[in-house]
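Input: a single structure, listed below in structure tokens.
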Amino acid sequence: MVYIRTYGIVYVSLGDLMPTIHPSDVRPLTEFRANIARYIDELEGRDRPLILTQHGHSAAVLLGVAQYEKLLEELELVRDVRVGGGQLASGEAVPKRQARAEVLRRLER
């Protein structure tokens, strides 16, 4: 969710961009290697990443394709908001009425 205040300050709530990691989300790399197909199948239905450890330390993070795509979309939104915040701060913003008119004019072409 994105909140824009009239003071020129942009607030972004990332909400569930990355949920809390549970102990069941952490697995040793050797266990993963022995059961790769099962873990790949499991990733499809997961809404949380799977963290692989090697020698007791985090080594890799696995995401299902849908979760990865969602993460990329949300990252793109955050970058767009950052650019917009910079544009607001530097005075490049235009009033809503003017922006709407410009978008409608471009759509009519």
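Points worth noting:
- Residue tally, condition over 30 Å from ARG48 (Cβ atoms) and part of a helix (DSSP H, G or I), over region 85-109: 17
- Enumeration of residues in region 28-63 that are acidic (Asp, Glu) and assigned to a loop (DSSP other than H, G, I, E, B): ASP47
- Residue match in region 72-95 (condition: within 30 Å of THR30 (Cα to Cα) and of a type outside the set (S, T, N, Q)): yes
- In region 17-40, the condition of being among the polar types (S, T, N, Q) and modelled with pLDDT under 85 is met by at least one residue.
- Matching residues, region 68-87, being in contact (Cβ under 8 Å) with a residue 24 or more places away in the chain and under 13 Å from the mean Cα position of the chain (by Cα): LEU71, GLU74, LEU77, VAL78, VAL81
- Of all residues in region 37-57, those being surrounded by 10 or more Cβ atoms within 10 Å (Cβ to Cβ) and either touching a residue at least 60 places away in the same chain (Cβ under 8 Å) or aliphatic (A, V, I, L, M) (or both) number 5.
The values are calculated or read from the model by the stated rules, or taken from the named source; none is laboratory data. Keep in mind it's a predicted model, so treat the numbers as computed, not measured. All Cβ positions, even for glycine, are placed from backbone atoms using ideal geometry, and neighbour counts span all protein chains on display.
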